[in-house]
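What follows is one structure encoded as structure tokens, with my remarks underneath.
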Amino acid sequence: GIQVEQSPPDLILQEGANSTLRCNFSDSVNNLQWFHQNPWGQLINLFYIPSGTKQNGRLSATTVATERYSLLYISSSQTTDSGVYFCAVERDRGYSSASKIIFGSGTRLSIRP
Amino acid sequence: NAGVTQTPKFQVLKTGQSMTLQCAQDMNHEYMSWYRQDPGMGLRLIHYSVGAGITDQGEVPNGYNVSRSTTEDFPLRLLSAAPSQTSVYFCASSYEVLPDGEAFFGQGTRLTVV
């Protein structure tokens, strides 16, 4: 099946720093999403981005589908950005296939005040 | 529009007990699915449904049953709980038709089996 790898696994930064999180996937995908799991366990949609670039405030994401990777940028980090960031892809949506969202193992981000 | 609602948020079971985790969505999504998240890992798919009356197994289906009698509801049943089922469970839903396939997740159910 498709493999989703995220890097780095852990990242510790000072407040105000910028960061880039990477997601590589081993096959073509239909969907790609970035999620933030906050310290209380909630999964929050950040971007639905199967291709191209999107921005939302201090966060932006770029997916280059032809090269099978996506990047999540966080600028001017705040302590509330702490948590685990997951990349999730979906390979196929056909009824007869094992359509499913496959998650990477996440990047744990810790922002120190 | 409440999105995806899961109940309960927390549950403690004894080994061998049964229970049902509830999931409901009000977005008229065709696709619904259940995931479990174990410490240090991403989410793994348990079961999913592509519409009312249609369900299928995911990556880790053993010990779990599902049914989809309505578009809105997708309950997950544990028939005989085991300590290995201690985990955080997430329900998700999304539209069927691409490219609008963005998935929305519930707030999770933290289950402990003792």
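Some values worked out for this structure:
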{"read-out": "Integer Hz, Karplus 6.51/-1.76/1.60 couplings in order for segment A:43-51, x for Gly and Pro", "value": "9, 10, 5, 9, 9, 10, 8, x, 6"}
{"read-out": "Sorted peptide list for B:80-89, B:6-15, criterion being average Cβ within 10 angstrom, highest first", "value": "B:80-89, B:6-15"}
{"read-out": "Prolate/oblate/rounded call for chain B, Cα gyration tensor, a/c under 1.5 rounded", "value": "prolate"}
{"read-out": "Distance between segment B:11-74 and segment A:11-30 - C-alpha centres, whole angstrom", "value": "29"}
{"read-out": "Average beta-carbon neighbours from other chains, 10 Å sphere, peptide B:29-37", "value": "2"}
{"read-out": "In order through segment A:56-70: 3J(HN,Hα) via Karplus (6.51 cos²θ - 1.76 cosθ + 1.60), integer Hz, x for Gly, Pro", "value": "9, x, 7, 9, 8, 9, 10, 10, 10, 5, 5, 9, 6, 8, 9"}
{"read-out": "Residue-averaged beta-carbon neighbours from other chains (10 angstrom radius) around A:47-56", "value": "1"}
{"read-out": "Percent of Cα-Cα distances greater than 17 Å, calculated over segment A:30-113", "value": "50"}
{"read-out": "Quotient of Cα Rg and 2.2 N^0.38 Å for the protein assembly as shown, N being how many residues it contains", "value": "1.01"}
{"read-out": "Whole-Hz ³J(HN,Hα) from phi, Karplus 6.51 cos²θ - 1.76 cosθ + 1.60, for segment B:61-72, glycine and proline x", "value": "x, 5, x, 10, 10, 9, 8, 9, 7, 10, 5, 7"}
{"read-out": "Shielding of A:36-44 by partner chains, average beta-carbon count, 10 Å", "value": "4"}
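Values in this text are rule-based calculations from the coordinates and carry no lab data. The structure displayed is predicted, hence computed values, not measured ones. Backbone-built Cβ (ideal geometry, glycine too); neighbour counts: all protein chains shown.
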